[in-house]
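Contents: one structure, followed by commentary.
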(Lines give C-alpha, C1' and ligand atoms only; values in the text may rest on other atoms or scores of the structure.)
Protein backbone atom coordinates (compact mmCIF):
# COMPACT_ATOMS: atom_id res chain seq x y z
CA UNK A 1 0.00 0.00 0.00
CA UNK A 2 1.33 3.40 -0.98
CA UNK A 3 1.70 6.00 1.72
CA UNK A 4 -0.26 8.59 -0.27
CA UNK A 5 -2.75 7.80 -3.01
CA UNK A 6 -4.42 10.07 -5.50
CA UNK A 7 -6.55 9.45 -8.57
CA UNK A 8 -4.25 10.21 -11.47
CA UNK A 9 -7.11 11.57 -13.55
CA UNK A 10 -7.27 13.27 -15.88
CA UNK A 11 -10.03 15.32 -14.34
CA UNK A 12 -11.79 17.74 -16.66
CA UNK A 13 -14.16 20.47 -15.50
CA UNK A 14 -15.76 23.40 -17.34
CA UNK A 15 -14.63 26.92 -16.55
CA UNK A 16 -16.44 28.30 -13.52
CA UNK A 17 -17.18 24.87 -12.03
CA UNK A 18 -15.87 23.39 -8.78
CA UNK A 19 -12.96 20.97 -9.13
CA UNK A 20 -12.62 18.37 -6.38
CA UNK A 21 -9.32 16.59 -5.83
CA UNK A 22 -8.91 13.76 -3.36
CA UNK A 23 -6.09 12.11 -1.47
CA UNK A 24 -5.88 9.27 1.04
CA UNK A 25 -2.94 8.39 3.27
CA UNK A 26 -1.91 5.31 5.20
CA UNK A 27 -0.24 6.63 8.39
CA UNK A 28 -3.04 7.39 10.84
CA UNK A 29 -0.72 9.48 12.98
CA UNK A 30 0.17 11.93 10.19
CA UNK A 31 0.01 15.56 11.28
CA UNK A 32 0.91 17.76 8.29
CA UNK A 33 -0.77 17.86 4.91
CA UNK A 34 -0.03 19.94 1.86
CA UNK A 35 -1.30 20.57 -1.65
CA UNK A 36 1.09 21.53 -4.42
CA UNK A 37 0.32 22.64 -7.96
CA UNK A 38 2.73 21.68 -10.73
CA UNK A 39 2.50 23.08 -14.23
CA UNK A 40 3.97 20.99 -17.01
CA UNK A 41 7.75 21.31 -17.05
CA UNK A 42 7.81 23.36 -13.85
CA UNK A 43 8.52 22.59 -10.20
CA UNK A 44 5.78 22.13 -7.57
CA UNK A 45 4.30 25.23 -5.94
CA UNK A 46 2.80 25.10 -2.44
CA UNK A 47 -0.81 26.30 -2.49
CA UNK A 48 -2.32 24.99 0.75
CA UNK A 49 -1.28 23.49 4.06
CA UNK A 50 -3.61 22.01 6.69
CA UNK A 51 -2.83 20.54 10.07
CA UNK A 52 -6.17 20.01 11.88
CA UNK A 53 -9.51 18.44 11.03
CA UNK A 54 -12.00 20.55 9.13
CA UNK A 55 -11.83 23.07 6.33
CA UNK A 56 -9.26 25.73 5.54
CA UNK A 57 -10.06 28.34 2.92
CA UNK A 58 -7.69 30.56 0.95
CA UNK A 59 -9.28 32.49 -1.87
CA UNK A 60 -10.78 30.05 -4.37
CA UNK A 61 -9.07 27.09 -2.67
CA UNK A 62 -10.44 25.05 0.23
CA UNK A 63 -8.53 22.19 1.83
CA UNK A 64 -10.50 19.64 3.83
CA UNK A 65 -8.99 17.19 6.30
CA UNK A 66 -10.63 14.17 7.93
CA UNK A 67 -8.08 12.33 10.03
CA UNK A 68 -10.54 9.62 11.10
CA UNK A 69 -11.05 8.68 7.45
CA UNK A 70 -7.40 9.44 6.55
CA UNK A 71 -8.61 11.67 3.76
CA UNK A 72 -7.62 15.12 2.55
CA UNK A 73 -9.19 16.98 -0.33
CA UNK A 74 -8.79 20.19 -2.28
CA UNK A 75 -11.69 22.12 -3.74
CA UNK A 76 -11.12 24.76 -6.38
CA UNK A 77 -14.11 27.08 -6.83
CA UNK A 78 -14.76 29.08 -10.00
CA UNK A 79 -12.15 27.03 -11.86
CA UNK A 80 -10.13 28.92 -14.46
CA UNK A 81 -8.13 27.61 -17.42
CA UNK A 82 -5.01 28.78 -15.58
CA UNK A 83 -5.80 26.18 -12.90
CA UNK A 84 -5.01 23.43 -15.43
CA UNK A 85 -2.07 21.61 -13.87
CA UNK A 86 -1.14 18.52 -11.88
CA UNK A 87 -2.05 18.73 -8.20
CA UNK A 88 0.16 16.86 -5.75
CA UNK A 89 -0.88 15.83 -2.26
CA UNK A 90 1.94 15.62 0.30
CA UNK A 91 1.81 14.12 3.80
CA UNK A 92 4.31 14.13 6.63
CA UNK A 93 3.86 10.86 8.53
CA UNK A 94 4.92 10.63 12.16
CA UNK A 95 7.48 7.87 11.90
CA UNK A 96 9.59 8.93 8.95
CA UNK A 97 11.76 11.63 10.42
CA UNK A 98 11.26 14.69 8.34
CA UNK A 99 10.43 13.45 4.89
CA UNK A 100 7.20 14.20 3.12
CA UNK A 101 5.46 11.58 1.01
CA UNK A 102 3.93 12.78 -2.24
CA UNK A 103 1.16 11.20 -4.23
CA UNK A 104 1.54 10.70 -7.96
CA UNK A 105 -0.65 13.73 -8.64
CA UNK A 106 -4.01 14.39 -10.28
CA UNK A 107 -4.04 16.07 -13.67
CA UNK A 108 -6.73 18.77 -13.90
CA UNK A 109 -7.91 20.38 -17.13
CA UNK A 110 -10.29 23.33 -17.01
CA UNK A 111 -12.16 23.65 -20.29
CA UNK A 112 -12.96 27.22 -21.41
CA UNK B 1 13.42 38.21 -2.44
CA UNK B 2 15.20 35.44 -4.27
CA UNK B 3 13.51 32.07 -4.15
CA UNK B 4 15.25 28.73 -3.98
CA UNK B 5 17.94 28.70 -6.66
CA UNK B 6 19.36 25.57 -8.24
CA UNK B 7 22.19 25.05 -10.65
CA UNK B 8 22.65 23.91 -13.28
CA UNK B 9 19.18 23.90 -14.86
CA UNK B 10 19.99 21.12 -17.31
CA UNK B 11 22.74 18.55 -17.40
CA UNK B 12 23.67 15.66 -19.66
CA UNK B 13 26.04 13.04 -18.28
CA UNK B 14 27.32 9.65 -19.39
CA UNK B 15 26.76 6.44 -17.46
CA UNK B 16 29.38 5.95 -14.77
CA UNK B 17 30.14 9.65 -14.37
CA UNK B 18 29.70 11.75 -11.27
CA UNK B 19 27.43 14.79 -10.89
CA UNK B 20 27.11 17.61 -8.34
CA UNK B 21 23.92 19.62 -8.08
CA UNK B 22 23.76 22.85 -6.11
CA UNK B 23 21.04 24.64 -4.19
CA UNK B 24 20.72 27.94 -2.36
CA UNK B 25 17.72 28.17 -0.02
CA UNK B 26 15.53 31.18 0.62
CA UNK B 27 17.28 33.61 2.95
CA UNK B 28 16.52 32.65 6.53
CA UNK B 29 15.51 29.07 5.70
CA UNK B 30 17.64 26.57 7.57
CA UNK B 31 16.11 23.35 6.22
CA UNK B 32 17.00 22.02 2.77
CA UNK B 33 15.57 18.86 1.24
CA UNK B 34 16.32 17.05 -1.99
CA UNK B 35 13.76 15.17 -4.06
CA UNK B 36 13.89 13.18 -7.28
CA UNK B 37 10.95 13.34 -9.66
CA UNK B 38 10.63 11.08 -12.66
CA UNK B 39 8.04 11.80 -15.34
CA UNK B 40 4.51 10.99 -14.27
CA UNK B 41 5.41 10.43 -10.62
CA UNK B 42 5.39 12.50 -7.48
CA UNK B 43 8.67 13.67 -5.96
CA UNK B 44 10.60 11.03 -4.02
CA UNK B 45 12.51 12.04 -0.90
CA UNK B 46 16.30 11.76 -1.02
CA UNK B 47 17.71 13.82 1.88
CA UNK B 48 16.86 16.50 4.38
CA UNK B 49 19.35 18.75 6.15
CA UNK B 50 18.66 21.13 8.99
CA UNK B 51 21.29 23.34 10.55
CA UNK B 52 23.96 21.46 8.55
CA UNK B 53 23.01 18.08 9.98
CA UNK B 54 21.35 15.25 8.09
CA UNK B 55 17.84 14.84 9.46
CA UNK B 56 16.46 12.28 7.04
CA UNK B 57 17.48 9.95 4.25
CA UNK B 58 15.18 8.31 1.73
CA UNK B 59 15.44 4.91 0.11
CA UNK B 60 18.24 5.74 -2.31
CA UNK B 61 21.56 3.89 -2.75
CA UNK B 62 24.81 5.06 -1.23
CA UNK B 63 25.78 6.52 -4.60
CA UNK B 64 23.69 9.49 -3.50
CA UNK B 65 25.16 11.83 -0.91
CA UNK B 66 24.60 15.40 0.17
CA UNK B 67 25.83 18.06 2.50
CA UNK B 68 24.80 21.47 3.79
CA UNK B 69 27.22 24.33 4.21
CA UNK B 70 27.42 26.99 6.97
CA UNK B 71 25.49 29.41 4.76
CA UNK B 72 22.74 26.75 4.45
CA UNK B 73 23.36 26.10 0.77
CA UNK B 74 23.53 22.46 -0.20
CA UNK B 75 25.02 20.04 -2.68
CA UNK B 76 23.68 16.72 -3.92
CA UNK B 77 26.27 14.32 -5.30
CA UNK B 78 25.54 11.23 -7.35
CA UNK B 79 28.33 8.79 -8.23
CA UNK B 80 28.44 6.07 -10.87
CA UNK B 81 25.45 7.42 -12.74
CA UNK B 82 22.92 4.99 -14.15
CA UNK B 83 20.38 5.56 -16.91
CA UNK B 84 17.67 5.31 -14.25
CA UNK B 85 19.05 8.38 -12.48
CA UNK B 86 17.64 10.53 -15.29
CA UNK B 87 15.08 12.74 -13.60
CA UNK B 88 14.21 16.20 -12.34
CA UNK B 89 16.10 16.86 -9.10
CA UNK B 90 14.32 19.28 -6.85
CA UNK B 91 15.71 21.22 -3.94
CA UNK B 92 13.29 22.62 -1.40
CA UNK B 93 13.75 24.88 1.58
CA UNK B 94 11.63 25.71 4.58
CA UNK B 95 12.08 27.79 7.74
CA UNK B 96 11.85 24.68 9.90
CA UNK B 97 11.43 20.96 9.41
CA UNK B 98 7.65 20.86 9.74
CA UNK B 99 6.70 23.64 7.37
CA UNK B 100 5.68 23.24 3.76
CA UNK B 101 8.50 23.42 1.28
CA UNK B 102 9.28 26.02 -1.33
CA UNK B 103 10.80 24.24 -4.30
CA UNK B 104 13.47 25.50 -6.64
CA UNK B 105 13.02 25.22 -10.39
CA UNK B 106 14.97 21.98 -10.43
CA UNK B 107 17.87 20.44 -12.32
CA UNK B 108 16.94 18.24 -15.25
CA UNK B 109 19.54 15.43 -15.36
CA UNK B 110 19.79 13.21 -18.39
CA UNK B 111 22.10 10.19 -18.25
CA UNK B 112 23.03 8.69 -21.63
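Against the test of being surrounded by 12 or more Cβ atoms within 10 Å (Cβ to Cβ), at pLDDT below 95 and at positive phi, the options A:41, A:97 yield a single qualifying residue, A:97. Taking the range A:48-83 as the range and being surrounded by 12 or more Cβ atoms within 10 Å (Cβ to Cβ) and in contact (Cβ under 8 Å) with a residue 40 or more places away in the chain as the test, the residues that pass are A:70, A:71, A:72, A:73, A:74, A:75, A:76, A:77, A:78, A:79, A:80, A:83.
Would you confirm whether any residue within the range A:3-20 is surrounded by 18 or more Cβ atoms within 10 Å (Cβ to Cβ), more than 25 Å from residue B:47 (Cβ to Cβ) and away from chain B (no Cβ under 13 Å)? Reasoning before the result, please.
Residues of the range A:3-20 surrounded by 18 or more Cβ atoms within 10 Å (Cβ to Cβ): A:4, A:6, A:19.
Going one step further and asking which of them are more than 25 Å from residue B:47 (Cβ to Cβ), we end up with A:19.
Now drop any that are not away from chain B (no Cβ under 13 Å), which leaves A:19.
Taking every residue of the range A:3-20 in turn, at least one turns out to be surrounded by 18 or more Cβ atoms within 10 Å (Cβ to Cβ), more than 25 Å from residue B:47 (Cβ to Cβ) and away from chain B (no Cβ under 13 Å).
Take residue B:52 and decide whether it is more than 14 Å from the chain's Cα centre (by Cα), at pLDDT 95 or above, surrounded by fewer than 17 Cβ atoms within 10 Å (Cβ to Cβ) and over 27 Å from residue A:3 (Cβ atoms). Criteria not met by residue B:52. Restricted to the range B:73-98, and to residues there that are at pLDDT below 95 and either more than 14 Å from every other protein chain (Cβ to nearest Cβ) or outside any strand (DSSP E or B) (or both), the residue that is nearest to residue A:34 (Cα to Cα) is B:98.
The values are calculated or read from the model by the stated rules, or taken from the named source; none is laboratory data. Keep in mind that this is a model prediction, so the values were computed, not measured. Counting neighbours? That spans all protein chains shown, and the Cβs are built from the backbone with ideal geometry, glycine included.
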